[in-house]
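What follows is a set of notes on a single structure, which appears directly below.
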Amino acid sequence: MLFLLSLIDTEAVLRWNTTGLTIAGVTNQPGNASNKLNAPFGLALNYSNTLYIVDSYNNRVQKYVRNASFGETVAGQETGVAGSTADALNYAADLALETNGDIYVSEVNNDRVQLWTSGSTTGVTVAGT
């Protein structure tokens with residue numbers, strides 16, 4: 001969003017730009033295809049403007065490089081299937097990024113935090129059961 005700033009009688013007035021832009025997913029079309037999201041909650045942006053999104057109802061984390069129309073699954077199952085094994089997530093809620101590309105993902109239904117090292121297809125439980 002863009003802030004518009006104007007000075008009126010030496011008082012600053014801020015206004016939101018009223019035009020939004022979809023940068024990931026398809027508006028009003030939830031799904032588990034690589035270009036769709038279903039209940040996105042947490043997100044993070046890294047130093048190269050790559051966007052990581054917790055796709056909660058699809059039990060995965062999607063990575064969108066700048067100007068990409070399709071996301072890449074970097075944690076959880078690409079198909080969105082929930083699970084409790086090391087390669088699955090169950091209702092992912094939030095994430096944190098390390099500068100080296102590692103991702104920490106908190107899960108509601110598995111009561112754990114998983115560490116997915118950069119490029120890994122499985123996570124390691126670092127908190128919870």
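The values are calculated or read from the model by the stated rules, or taken from the named source; none is laboratory data. Quick caveat: nothing in here was measured; it's all calculated off a predicted structure. Glycine gets a Cβ as well: all are built from the backbone with ideal geometry, and neighbour counts include every protein chain shown. These accessible areas exclude ligands, DNA and RNA; they are computed on the full protein's heavy atoms, side chains included. Shrake-Rupley method; radii C 1.70, N 1.55, O 1.52, S 1.80 Å.
Brief remarks follow.
- Flag set for residue 49, criterion: among the polar types (S, T, N, Q), modelled with pLDDT of 75 or more and surrounded by fewer than 14 Cβ atoms within 10 Å (Cβ to Cβ).
- Test for residue 68: is it in a loop (DSSP other than H, G, I, E, B), modelled with pLDDT under 95 and open to solvent by less than 60 Å² (accessible area, probe 1.4 Å): yes
- Just one residue in the set 96, 127, 82, 75 is under 14 Å from residue 58 (Cβ atoms), open to solvent by less than 80 Å² (accessible area, probe 1.4 Å) and not in a loop (DSSP other than H, G, I, E, B); that residue is 75.
- Some residue of region 16-33 being modelled with pLDDT of 90 or more, of a type in the set (Gly, Ala, Ser) and surrounded by 10 or more Cβ atoms within 10 Å (Cβ to Cβ): no
- Test for residue 80: is it in contact with a helix residue (DSSP H, G or I) (Cβ under 6 Å, 6 or more places away or on another chain) and within 21 Å of residue 33 (Cα to Cα): yes
- Condition met for residue 92 (farther than 17 Å from residue 31 by Cα and under 11 Å from the mean Cα position of the chain (by Cα)): no
- Meets criteria (modelled with pLDDT of 95 or more, touching a strand residue (DSSP E or B) at 6+ places or on another chain (Cβ under 6 Å) and open to solvent by less than 60 Å² (accessible area, probe 1.4 Å)) for residue 44: no
- The one condition in (1) open to solvent by 40 Å² or more (accessible area, probe 1.4 Å); (2) touching a helix residue (DSSP H, G or I) at 6+ places or on another chain (Cβ under 8 Å) that residue 119 fails to fulfil: (2)
- Scope region 61-79; condition among the small types (Gly, Ala, Ser) and out of contact with any strand residue (DSSP E or B) (no Cβ under 6 Å at 6 or more places or on another chain); matching residues: 68, 69
- Among residues of region 99-115 being under 14 Å from the mean Cα position of the chain (by Cα) and part of a loop (DSSP other than H, G, I, E, B), the one that is surrounded by the most Cβ atoms within 10 Å (Cβ to Cβ) is 101.
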